[in-house]
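The values are calculated or read from the model by the stated rules, or taken from the named source; none is laboratory data. Since this is a predicted model, take the numbers as computed values, not measurements. In this analysis, Cβ positions are derived from the backbone assuming ideal geometry, glycine residues included, and neighbour counts consider all displayed protein chains.
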Amino acid sequence: MRRTRIVATIGPASEDRATLKSLLDAGVDVCRFNYSHGEPDDKTELYRRLRDIEDELGRPTCILADLPGPKIRLGTFPEAHMLEDERTITLHCGVHSMETNGGSDFPVEYGGLSAELKPGDPILINDGLIRLTVLTTDGT
């Protein structure tokens, strides 16, 4: 009995019926759905499509639901600002919307963020495209 499983991440390039069927025909045992991308309704449709193919092939397939961790959202501000390298900014926790004071002040919806950070900690924005480093925090 084979104990090794073949896992395939299913995304936009592989979620159509023909591609899914060819993956299962090729031996995929586990289909990984990445919930960090796309809408839950899309995953529901993908689930149904996979189960239909599974019934057609007569063999079960496991689904691995990869759920994202919590994401901390920036609040809204009236106009966009360029964030320059080495610029010092202030994140205001528990604030949903604010004037940005020339691009130096940014609202962060999660009020408990400053209590979880310490100087030197990284903050990644836009899935890591922007990296900030904590200089100080009021700890509240």
Which residue pairs have Cβ atoms under 6 Å apart, sit 6 or more places apart or on different chains, and have a first residue in region 42-53 that is aliphatic (A, V, I, L, M) and a second that is modelled with pLDDT under 95 and surrounded by 13 or more Cβ atoms within 10 Å (Cβ to Cβ)?
-> 46/15
Residue among 53, 63, 6, 72 that alone is in contact with a Gly (Cβ under 7 Å, 6 or more places away or on another chain) and either under 30 Å from residue 123 (Cα atoms) or modelled with pLDDT of 90 or more (or both) | 6
Only one of (1) in contact with a strand residue (DSSP E or B) (Cβ under 8 Å, 6 or more places away or on another chain); (2) over 30 Å from residue 31 (Cα atoms); (3) of a type outside the set (Phe, Trp, Tyr) fails for residue 124. Which number is that?
-> (2)
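Matching residues to (1) surrounded by fewer than 15 Cβ atoms within 10 Å (Cβ to Cβ); (2) in contact with an Asp or Glu (Cβ under 8 Å, 6 or more places away or on another chain); (3) of a type in the set (Val, Ile, Thr):
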site: 2; (1), (2), (3): yes, no, no
site: 31; (1), (2), (3): no, no, no
site: 41; (1), (2), (3): yes, no, no
site: 53; (1), (2), (3): no, no, yes
site: 56; (1), (2), (3): yes, no, no
site: 110; (1), (2), (3): no, no, no
Identify all residues within region 128-139 that are surrounded by 10 or more Cβ atoms within 10 Å (Cβ to Cβ) and out of contact with any strand residue (DSSP E or B) (no Cβ under 8 Å at 6 or more places or on another chain); write none if there are none.
-> 135, 136, 137
Pair list, Cβ < 8 Å and 6+ apart or interchain, from region 1-25 residues that are in a loop (DSSP other than H, G, I, E, B) to residues that are among the acidic types (Asp, Glu) | 5/29; 6/29
Residue 72: touching a strand residue (DSSP E or B) at 6+ places or on another chain (Cβ under 7 Å) and under 30 Å from residue 9 (Cα atoms), yes or no?
-> yes
From the options 114, 14, residue that is over 30 Å from residue 131 (Cβ atoms) and either assigned by TED's automatic domain parsing to the domain that holds residue 134 or under 21 Å from the mean Cα position of the chain (by Cα) (or both) = 14
